[in-house]
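The values are calculated or read from the model by the stated rules, or taken from the named source; none is laboratory data. Remember, it's a predicted structure, so these values are computed and weren't measured experimentally. Reconstructed Cβ throughout: ideal geometry from the backbone, glycine too, with neighbour counts over all protein chains shown. When the accessible area is computed, the model is the full protein with side chains, heavy atoms only, and any ligands, DNA or RNA have been set aside. Shrake-Rupley method; radii C 1.70, N 1.55, O 1.52, S 1.80 Å.
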Amino acid sequence: DIFSKGIPLFLTASFFWSINDVIVRSRRNTFSPFVMAFARNIFSSIFLFLLAYYYVVTYLSKFSLQAVVYFAFYGATVAGIILFAYLALKYLKAAEAVSFNILIPIVTSTLSFFLLGENLSLFQVTAGAIILMGLFMIIKK
């Protein structure tokens with residue numbers, strides 16, 4: 001199931017994220033990163049609201065103060081991701097900036113290990129070390 005649905009969906013998401021990075025990089029001298037992030041979120045929220053309307057209404061009864069705090073924290077986290085990524089794209093080439101995305105699985109695995117108690121195999125730790133060495137080589141070029 002992961003190969004029939006999960007991987008193609010993430011490959012599609014990566015494709016769209018790459019288009020996003022190229023758009024932001026191409027407009028870095030026209031608009032500030034903050035304007036780009038704001039515009040992206042305004043327009044994407046319109047599309048996402050139309051897609052999610054059914055689910056929001058269906059799950060409305062499950063909303064609580066805890067859920068609102070969770071979503072506010074989640075929103076602030078996503079805003080931070082977007083703003084810092086867009087700021088980076090102002091100073092780095094798109095290909096260089098995207099190289100840092102390879103840190104996401106390492107940081108996610110590490111946080112999941114400490115905060116969620118998830119296990120890390122020796123293979124995962126070794127792969128993480130190899131990824132870090134590769135990123136270091138890209139940076140030092």
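Does any residue of region 114-124 turn out to be under 26 Å from residue 30 (Cβ atoms), open to solvent by less than 80 Å² (accessible area, probe 1.4 Å) and among the aliphatic types (A, V, I, L, M)? No, region 114-124 contains no residue that is under 26 Å from residue 30 (Cβ atoms), open to solvent by less than 80 Å² (accessible area, probe 1.4 Å) and among the aliphatic types (A, V, I, L, M). Among residues of region 40-62 that are closer than 20 Å to residue 83 by Cα, those with a beta-carbon under 9 Å from a residue that is surrounded by 11 or more Cβ atoms within 10 Å (Cβ to Cβ) and not hydrophobic (A, V, I, L, M, F, W, C) at least six positions away or on a different chain give the pairs 40/20; 40/86. Only one of the numbered conditions (1) on the phi < 0 side of the Ramachandran plot; (2) open to solvent by less than 60 Å² (accessible area, probe 1.4 Å) is not met by residue 137, and that is (2).
Among the residues of region 46-54, is any of a type outside the set (A, V, I, L, M, F, W, C), more than 28 Å from residue 32 (Cα to Cα) and either under 17 Å from the mean Cα position of the chain (by Cα) or open to solvent by less than 70 Å² (accessible area, probe 1.4 Å) (or both)?
In the first step, residues of region 46-54 are kept if they are of a type outside the set (A, V, I, L, M, F, W, C); the result is 53-54.
After this cut, where a residue has to be more than 28 Å from residue 32 (Cα to Cα) as well, the list is 53-54.
Keeping just the survivors that are either under 17 Å from the mean Cα position of the chain (by Cα) or open to solvent by less than 70 Å² (accessible area, probe 1.4 Å) (or both) gives none.
Checked against the condition, which is being of a type outside the set (A, V, I, L, M, F, W, C), more than 28 Å from residue 32 (Cα to Cα) and either under 17 Å from the mean Cα position of the chain (by Cα) or open to solvent by less than 70 Å² (accessible area, probe 1.4 Å) (or both), region 46-54 yields no hits at all.
Residue 97 satisfies every condition listed in (1) in contact with a Lys or Arg (Cβ under 7 Å, 6 or more places away or on another chain); (2) under 18 Å from residue 14 (Cβ atoms) except (1).
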